[in-house]
Amino acid sequence: MIATVETPRPSQAEELRAEYGDRWDIWREVLPTGRHGDWLAETVPAAPEHAVLRASSIDELARLLREEDAQ
């Protein structure tokens, strides 16, 4: 028997990295317990200003990145 599992490609996190990766490092925090924490985006070292965005979901982080991009 062959089982095929279809997953959405690319993921929303991958799409954010593709769109904002030249200006933001995007990752998911790993807590000391090993569980996943918040999503974070930090400006790349070459950016003129340092900023960190923190969100509890990838949807919220996407919204924050869009808001930053609009400024």
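Among the residues of the range 1-33, those that are exposed (fewer than 10 other Cβ atoms within 10 Å of the Cβ) and modelled with pLDDT of 95 or more comprise LEU31, PRO32, THR33. Per the listing GLU6, GLU14, the residue uniquely of a type outside the set (Ser, Thr, Tyr) and within 19 Å of LEU65 (Cβ to Cβ) is GLU14. Testing ARG66 on (1) loosely packed, with under 13 Cβ neighbours inside 10 Å; (2) not in a helix (DSSP H, G or I), one condition comes back false. Which one is that? Only one criterion in (1) loosely packed, with under 13 Cβ neighbours inside 10 Å; (2) not in a helix (DSSP H, G or I) is unmet by ARG66, namely (2).
Give the residue, chosen from LEU40, LEU53, LEU61, that is modelled with pLDDT of 95 or more, surrounded by 13 or more Cβ atoms within 10 Å (Cβ to Cβ) and not in a strand (DSSP E or B). Only one candidate passes the filter, namely LEU61. For PRO45, the conditions (1) exposed (fewer than 10 other Cβ atoms within 10 Å of the Cβ); (2) in contact with a Lys or Arg (Cβ under 9 Å, 6 or more places away or on another chain) all hold with the exception of (2).
The values are calculated or read from the model by the stated rules, or taken from the named source; none is laboratory data. Worth saying up front: this structure is predicted, and the values here are computed from it rather than measured. In this analysis, Cβ positions are derived from the backbone assuming ideal geometry, glycine residues included, and neighbour counts consider all displayed protein chains.
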